[in-house]
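Each value in this text was obtained by applying a stated rule to the coordinates, not by laboratory testing. This structure is a prediction, so every number in the text was calculated from the model and none was measured. Glycine gets a Cβ as well: all are built from the backbone with ideal geometry, and neighbour counts include every protein chain shown.
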Amino acid sequence: MPYRLPRQGLGPVERIPMDIPVRKVAAGEAKALATFAEACFRETFGYLFPEQAMDHLCLRAFAPALLGALIEQGAWVAEGPGGWRGYAALSSAPCPVPGLPQPQLELCRLYVSQEWHGQGVSGALMAAVLDEARLRGVRGIWLESFEGNPRAQGFFRRWGFRDLGGQVQVTEGVHLPHRIMGLTL
């Protein structure tokens, strides 16, 4: 069934996708989520890392046990004929910079397979995540967005996220500047 948001404060978003099925990921799907998540990450950031460094990073970042822990905290997939189109996950990690009310959650993952970019998948996932946050009584959602991905930052701004500051992550020897963005619910 397509995901539908309750009719309450949606913020600045004018159009909510209603025809993209989104569901919570089941505990037994950790391996499938790990495989899909790794494929999305490689599509998005493969150009940044030498092949061996990417392989090493993916072994750590997409281990089924790690994805199983994300599923426990809250993970969703957008799916359709042919399989999964994108996924999102929440984490209870605190925001590293001030500026958001408590309680908080981190939107630690939101990826869409490149073939589905521009078709409302990320919006359907975001709607599911924000609905869950509201149900949990969360007042602040934060995320990190790679500075080299202006499309993602524009998407987050359209949903009402604001820039809270920046930090540089060093991953496999590659310096990756990120913007920390937050949304007050």
task = Jot down the radius of gyration and Dmax of the range 135-185, Cα atoms only, both in angstrom.
result = 12.3, 39
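For a quick protection proxy, order the peptides 49-62, 164-177 by their average other-Cβ count within 10 Å, most packed first.
Numbers: 49-62: 14.1, 164-177: 12.4.
Listed from highest to lowest mean packing, they are 49-62, 164-177.
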